[in-house]
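Below is one structure, written out as structure tokens, with a few remarks after it.
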Amino acid sequence: MLDTTYNVETPEGIDLRAQAAGPVPRILAFAVDVFYRSLVLTGLGIALAFADRAGMGIWLVCSFLLEWFYPVYFEVMRGGQTPGKKAFGLMVVNDNLTPISWGASLLRNLLRFADFLPFAYAAGVISMTLNRNFQRLGDMAAGTLVVYREAEHRQTSLPDVAPLAPPRGLQLQDQLAVISLTERHGELSDARQRELADLLQPVTGKSDRAALNYLRAVGNWLLGGK
Amino acid sequence: MKQRDFENRYEDRWNALEQWLQSGEGTLDLPVAYRALCQQLAVAKERQYTNQLIDRLNRLVMAAHHRVYQQQTLRRNTWLWYLLAGFPRAVRAQIRYVWLATALFVLPALVMGIGSYSNDALIYAVMSPDQVMQFESMYDPGNSVLGRERGSDSDLMMFGFYIKNNIGIAFRTFAAGLLFGIGAIFFLVFNGVYLGAVFGHITRVGFVTTFYPFVIGHGAFELTAIVLAGAAGLRLGQSLIDPGGRRRLVALRLASIEAMKIVYGTFLMLVIAAFLEAFWSSSTELAIAVKLAVGAALWLLVFAYFALAGRGVDGDGHKELRSGS
């Protein structure tokens, strides 16, 4: 199935869900990180220029650290997010969806070079596109994956309609459909909602605004409105 | 129970947990709260409450799950144990790959070394004439300084250079091993050929009194570390070629745990090597005999470390040492 959902069952018997992130946002996040890194290196280069050769030495050490350990630091200390990943709402986690550990982060970032080969991250991109969870080679060896960090949703309000008991024998499937229409009253356009409500005209015997209001009232009741 | 009632009943607890996860404020028994939350999520799913509620609970469970199952890997004593016993034991455990990597590095070096010692032109097969000139001028006994033109502050510059360059080479050698070992083999042979050519050529032109005292000291750490990084890379590659009775992914996962035990050590060795190369090997004030003697002692030390360190402690001793101090 073409689905990026990643499921893990916890010891408590709960299925955790996450959405694996594909190559495109990851490449963009990487580009942002490269940009930040070059920015820091350029800044350091200017600051250390007057220290001459000693400054050059310090700069080389810094560039070494940035090249290999910049992602490690952010992944472990900042909840799996480098600044680039943060910009695209991504995070790195272990494949049991626990926060990434030092060992796994070091491994996946050292093996970054294998993903880079033979040029321009070709191996990594091929591996990502072939893998069900978009793992590059380093991810597979370290047992990590990159997922979307779910954004905080504001809880939506329910429409302001007096609840109304549904007719007898309303099936579970139908109940769920009505509830979901009620819940999404803020997301769908008004015209589309009226159109959807009109589909039920043979059942409700109402049309347009009246049908929609009736369905919302039923939905409110089903959700426990009094 | 209607969803509204369900939400109203637990809303306060969810908010308290959310607050605690974000700011750590308030008192909360996390395991208890987490278990209760898991139960509530299961109930919500079973009763087919709306996606919005389930998503919210799922998010909350995930955040709490992260907190409950946080892995704490860094313990002070682990590092001490690693230095005293873990690293040499890891190397001995993979001794087949270490020998293989040594052969892949030393044999091409020997062939190239003997070749360019007996044939003046051979070095130009791997290096441009400019590079050869540069190497010759670096180790010309007529020079007052060794290695490169040096002021005191350029020691620091060279230190930075060795860190970036040499550790980068070791990491790449290791990582490239993931491609069925081919990358590690390539880097080992390539570096062996290059090194052999320089050794052979410099010996041929007779700059022995400057060259060998310069390289012997840090070579003990640098060359062994490159070989060990290659061995770790070969271990990765081998797990993909011959995973045994496991799936390749699982074999790779297990092999990389073993390999990383070696890689941490090579990193430390190369930092030591960079220190020696920048601040000790290049010194011109020390007598050649002193440098040779210290260099030989360092080689002995490195070999003794890998052959002997950590032999006394077995798996149980490891645990004792970890929890003991």
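Some points to look at:
- Partner aspartates and glutamates for B:Lys45 [C-alpha distance under 13 Å; skip if fewer than 8 residues away on the same chain]: A:Asp15, B:Asp55
- Label positions at B:Phe180 and B:Phe275, each projected 7 Å from the Cα along the C-beta direction, are separated by 4.2 nm.
- Candidate aspartates and glutamates for bridging to B:Lys291, where Cα separation is under 14 Å - those fewer than 8 sequence places away on the same chain excluded: B:Glu277
- For B:Asp55, net neighbour charge (Lys/Arg +1, Asp/Glu -1) across residues whose Cβ lies under 10 Å away: +2
- Restricting the trypsin sites (Lys or Arg not before Pro) of region A:61-93 to loop positions (DSSP other than H, G, I, E, B) with no more than 16 neighbouring Cβ atoms within 10 Å leaves A:Arg78.
- Residues B:Tyr194 and A:Phe69, FRET efficiency given R0 of 25 Å [Cβ-Cβ distance, rounded to 0.05]: 0.40
- Note on A:Asp160 and A:Leu199: the extension gain reaches 11.8 nm, defined as 0.36 nm multiplied by sequence separation minus the Cα-Cα distance.
- Gain on full stretching of the segment that runs from B:Asp140 to B:Thr209 - 0.36 nm per residue minus C-alpha separation: 23.9 nm
- Sites listed here are GluC sites (Glu not before Pro) in region A:110-190 whose DSSP assignment is loop and whose Cβ has at most 13 other Cβ atoms within 10 Å: A:Glu152, A:Glu187.
- Using distinct alpha-carbon pairs, which all enter the 1/r mean, Kirkwood radius of the protein assembly as shown in Å: 27.9 Å
- For region B:76-324, alpha-carbon Rg relative to the globular expectation (2.2 N^0.38 Å, N residues): 1.09
- Taking other residues whose beta carbon is less than 14 angstrom from the beta carbon of B:Ile123, and scoring Lys, Arg as +1 and Asp, Glu as -1, yields -2.
- Within 10 Å of the Cβ of each residue in A:28-35, the mean number of Cβ atoms contributed by other protein chains is 0.
- Per-residue Karplus couplings for region A:179-196, computed as 6.51 cos²θ - 1.76 cosθ + 1.60 with θ equal to phi - 60°, are listed in order as 4, 5, 5, 5, 5, 8, 4, x, 8, 8, 5, 4, 4, 5, 5, 5, 4, 4 Hz, Gly and Pro entered as x.
- Per-residue extension of 0.36 nm, minus the Cα-Cα distance of B:Glu285 and B:Asn119, leaves a gain of 56.4 nm for this segment.
- Counted by Cβ distance under 14 Å from B:Phe306, the other residues give a net charge of +4, where Lys and Arg count +1 and Asp and Glu count -1.
- At R0 = 41 Å, FRET efficiency that the Cβ-Cβ distance of A:Ile27 and B:Ser128 yields, to 0.05: 0.70
- The mean count of C-beta atoms from other chains within 10 Å of the C-beta of residues in B:45-57, rounded to a whole number, is 3.
- Dividing the summed helix terms, -39500 (n - 2.57) for each DSSP H run of n ≥ 4, by the number of residues in the protein assembly as shown produces a 222 nm estimate of -21500 deg cm²/dmol to the nearest 500.
Coordinate-derived values only; no laboratory data. The structure presented is a predicted model; accordingly, all values stated were derived computationally and were not measured. So basically every Cβ, Gly included, is an ideal-geometry build from the backbone, and we count neighbours across all protein chains shown.
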